[in-house]
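Q: Have a look at this one.
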Amino acid sequence: MSFPVARARFTFFASLLAAVLLSAGCANLGRSGEDFRAVIQRAQQQVYPALVFLKPIKQHLTGGERQREQTFGSGVIVSADGLVVTNSHVAKDAAEIKCVLYNREQLPARVVGLDEDTDLALVKLQLPANHPPLKTVRFGDSDRLREGQFVVALGSPLGFSRSITFGMVSCVRRYLEIGQYNLWIQTDAAINPGNSGGPLVDDQGRVIGINTLRVSWGENIGFAIPANVVKRVVDALREHKKVKRSYTGIQFQAIRDFMRDVILDYDRGVVVAGVDERSPAAAAGMKAGDLILDCDGTSADALYLEDLPAIRTRFASLPEGVPVALSVMRDGEKLTLDLTPTVKQVVDTEGVELPDWNCSAQRISQFRTPGLAYFRPEGGVYVLGVRRPGNAYRSGLRSGDVIISINNQSIPDMATLQETYRILSRLERGQRTALLRIMRDGHIRFTVLDFNTDYKALDE
C-alpha cells in the first residue's frame, strides 16, 4: 500500500472515530463538547505529576520458607507530604517499597495502613529534608457518575513507568462478590497488571476511582473502586492505620437476585442468608431465613444485589459493645432481637518462619481460616506451609495441621509456639526431637518431629 493511500485511509478512519465519539457523546467531552484530545491533555497535566510507580519487594512464606518477590503497581499522591493511595494487594506483605515519581525521582516508601476489605492501602513516601511539597490529585464525586462518561486510566502496566488509556464508564454501580463494602465502577478503558492502584480520571481531571481489577477472560472489562469509598478509607487509614469495623456474624442476601433466580415475596428488608457460629448474631438468636426489617429503628432494605454493600457497611458501622434492636420477621411473626456487635479482627496475614523445622505457622482466625476456627473456636496455631524436602514434611506434618501441644505443653498462641521453638532449637544435633499433638481434618493424632537435618546446609 502506498504512503498517500495509507495516509488517506488513516485520515478517513480517524475522522470516523471522532465522529462516532462525538455523536455518541462518548463521554461528555468536557463542559463545552471540546475535542477528546484536550480532555486527555488535561488528565495528563493535572494527574501525571501526582502519579507514582511502585515497586514493592514482597516476602511470602511459600512452601514453609520466606521468599522475596518483585512486583509492580501504581498509586497517586493525596497529600503534599507524600501520602500515596494504592491497592492493598500492591502494598501487602511488602518488605520494602521503591517508588518512582513523575520527574523520575526515586524514593523509598513505607506502608501506613491496609484495608483488605476494600483492597486499598496508604503508603508514605520517605522525603528528604527540605523536599518541596508534592503535587496532589483532586477527587471527584463518584456518586454523580453516569454511564457513557468519558474517562482515562493512568498507571504503570506491566512495569512500564507510566501510561494512559481512554474509554468510558460502562456501569456506575456494578456488584461483585469480592469487595463486601463497595460497588464498582466498570470501564472499558484498558486496565492491565501494574495499573492496580492507579487513578481513573474524569473529563475535568478529577480522580473518580482507583483502578483495581480486570476480567482476563473478556475484553475491555475493568473495575475501579469509587472515589467516595477511597476518600473514606484514606481518612480512616490516615487517622487509625486501619478501618475500624464491627462484627455481627450475619451473612446478608438480597430479596431479588436475578443472577441466581432467587426472587422472594417481600417488598422490603434484607434476608439473613446465614449466621456464623458463636457470633453476636447467633447469641442474639438470629437464624438463617430471618428477614431483617429495621436496625435500631431505621429501615434496613436490600432489594437488589447492588444494595448489599451499603447494608454491610451500615452494620459494620454499628458501635461495638452497644446493643441494638433489630426488628425481624420469622415465619410470619414479628420479633425484636437485641444484637451486640463486637470488634472485627484485622486479618493478620503475616506468619512465622520456623527454619530449623522447615515450615511456617500462623494463628487461627475465624475471618481468615473459618474451617479451622470451627474446630478450634478458642484459637491456636496451624501449619501454614511445609518445605519439601524438609524436617517437618519428613516427620509427617502437612499444611493445615493444627498444633495443639508440643512435648505435652499446650500451644494456645503464636507467642507460646515461638518460645517453645527457641528452646528446642538450643538442643544439640542428634537430640532434636519433639512430640507434637496435632489435629488434622478434625481428628487428633501424634507425630514425632525430628529436626536434626540441616537442609539449608545441604542446599549449599
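Q: Residue by residue through the stretch 368-382, note down the ones that are at negative phi and touching a Lys or Arg at 6+ places or on another chain (Cβ under 7 Å).
A: Listed by number, the residues that qualify are 377, 381.
Q: Take the stretch 64-108 and flag every residue that is among the small types (Gly, Ala, Ser), surrounded by fewer than 24 Cβ atoms within 10 Å (Cβ to Cβ) and assigned to a strand (DSSP E or B).
A: Within the stretch 64-108, 94, 95 meet the criteria.
Q: If you take the residues of the stretch 132-143 that are of a type outside the set (S, T, N, Q) and touching a strand residue (DSSP E or B) at 6+ places or on another chain (Cβ under 9 Å), which of them is surrounded by the fewest Cβ atoms within 10 Å (Cβ to Cβ)?
A: The qualifying residue surrounded by the fewest Cβ atoms within 10 Å (Cβ to Cβ) is 143.
Q: Given the conditions (1) of a type outside the set (D, E, K, R); (2) part of a loop (DSSP other than H, G, I, E, B); (3) surrounded by 14 or more Cβ atoms within 10 Å (Cβ to Cβ), which single one is not true for residue 439?
A: (2)
Q: Which pairs have Cβ atoms under 7 Å, sit 6 or more apart or on different chains, and link a residue in the stretch 82-100 that is assigned by TED's automatic domain parsing to the domain that holds residue 227 to one that is buried (at least 23 other Cβ atoms within 10 Å of the Cβ) and of a type in the set (Ser, Thr, Tyr)?
A: 86/74; 87/196; 87/212; 89/196; 90/196
Q: Restricting the stretch 391-410 to residues that are more than 32 Å from the chain's Cα centre (by Cα) and either loosely packed, with under 15 Cβ neighbours inside 10 Å or free of Cβ contacts under 8 Å to residues at least 12 places away in the same chain (or both), which is nearest to residue 370 (Cα to Cα)?
A: Ranking the candidates gives 410 first.
Q: Keeping to the stretch 339-349, report how many residues are under 14 Å from residue 249 (Cα atoms) and either in contact with a strand residue (DSSP E or B) (Cβ under 7 Å, 6 or more places away or on another chain) or exposed (fewer than 15 other Cβ atoms within 10 Å of the Cβ) (or both).
A: Of all residues in the stretch 339-349, those under 14 Å from residue 249 (Cα atoms) come to 339-345.
Still in the list and also either in contact with a strand residue (DSSP E or B) (Cβ under 7 Å, 6 or more places away or on another chain) or exposed (fewer than 15 other Cβ atoms within 10 Å of the Cβ) (or both): 339, 341-345.
Of the residues in that region, 6 qualify.
Q: Of all residues being outside any loop (DSSP other than H, G, I, E, B) and among the aromatic types (Phe, Trp, Tyr) in the stretch 159-197, which is farthest from the chain's Cα centre (by Cα)? Just the residue, please.
A: Once the filter is applied, the top-ranked residue is 166.
Q: Here's a follow-up. Take residue 434 and decide whether it is touching a residue at least 60 places away in the same chain (Cβ under 8 Å) and either within 19 Å of residue 352 (Cβ to Cβ) or in the same structural domain as residue 364 (by TED's automatic domain parsing) (or both).
A: On the way: touching a residue at least 60 places away in the same chain (Cβ under 8 Å): no; either within 19 Å of residue 352 (Cβ to Cβ) or in the same structural domain as residue 364 (by TED's automatic domain parsing) (or both): yes.
The answer is no for residue 434.
Q: Quick one: would you say residue 319 is out of contact with any strand residue (DSSP E or B) (no Cβ under 6 Å at 6 or more places or on another chain), part of a loop (DSSP other than H, G, I, E, B), under 25 Å from residue 113 (Cβ atoms) and not hydroxyl-bearing (Ser, Thr, Tyr)?
A: For residue 319, the condition - out of contact with any strand residue (DSSP E or B) (no Cβ under 6 Å at 6 or more places or on another chain), part of a loop (DSSP other than H, G, I, E, B), under 25 Å from residue 113 (Cβ atoms) and not hydroxyl-bearing (Ser, Thr, Tyr) - is met.
Q: Residue check, residue 243 against (1) touching a residue at least 24 places away in the same chain (Cβ under 8 Å); (2) more than 30 Å from residue 123 (Cβ to Cβ), all met but one. Which one?
A: All conditions pass for residue 243, except number (2).
Q: Still on this structure, I have one more. Which of the residues belonging to the stretch 142-161 are in contact with a helix residue (DSSP H, G or I) (Cβ under 7 Å, 6 or more places away or on another chain) and of a type outside the set (Phe, Trp, Tyr)?
A: Selection gives 142, 143, 152, 154.
Q: Only residues that are over 30 Å from residue 114 (Cβ atoms) and not in a loop (DSSP other than H, G, I, E, B): list them for the stretch 262-299, please.
A: Matches in the stretch 262-299: 262, 263, 271, 291, 292, 293, 294, 298, 299.
Q: While we're looking at this one, here's another question. Out of the strands (runs of 3 or more DSSP E) lying entirely within the stretch 206-261, which hold 2 or more residues that are surrounded by fewer than 21 Cβ atoms within 10 Å (Cβ to Cβ)?
A: Answer list for the stretch 206-261: 250-253.
Q: For residue 71, indicate whether it is farther than 16 Å from residue 207 by Cβ and in contact with a Pro (Cβ under 6 Å, 6 or more places away or on another chain).
A: Yes.
Q: Shifting gears a bit: Filter the stretch 19-63 down to the residues that are among the basic types (Lys, Arg) and part of a strand (DSSP E or B), then identify the one that is modelled with the highest pLDDT.
A: My answer is 55.
Q: For the stretch 171-205: of the residues being of a type in the set (Ser, Thr, Tyr) and out of contact with any Gly (no Cβ under 9 Å at 6 or more places or on another chain), which is surrounded by the most Cβ atoms within 10 Å (Cβ to Cβ)?
A: The residue in question is 181.
Q: Identify all residues within the stretch 293-321 that are surrounded by 15 or more Cβ atoms within 10 Å (Cβ to Cβ) and more than 28 Å from the chain's Cα centre (by Cα); write none if there are none.
A: 293, 294, listed by residue number.
The values are calculated or read from the model by the stated rules, or taken from the named source; none is laboratory data. Given the structure is predicted, the values throughout are model-derived calculations rather than measurements. Neighbour counts are summed over all protein chains in view; Cβ atoms, including those assigned to glycine, are modelled from backbone coordinates with ideal geometry.
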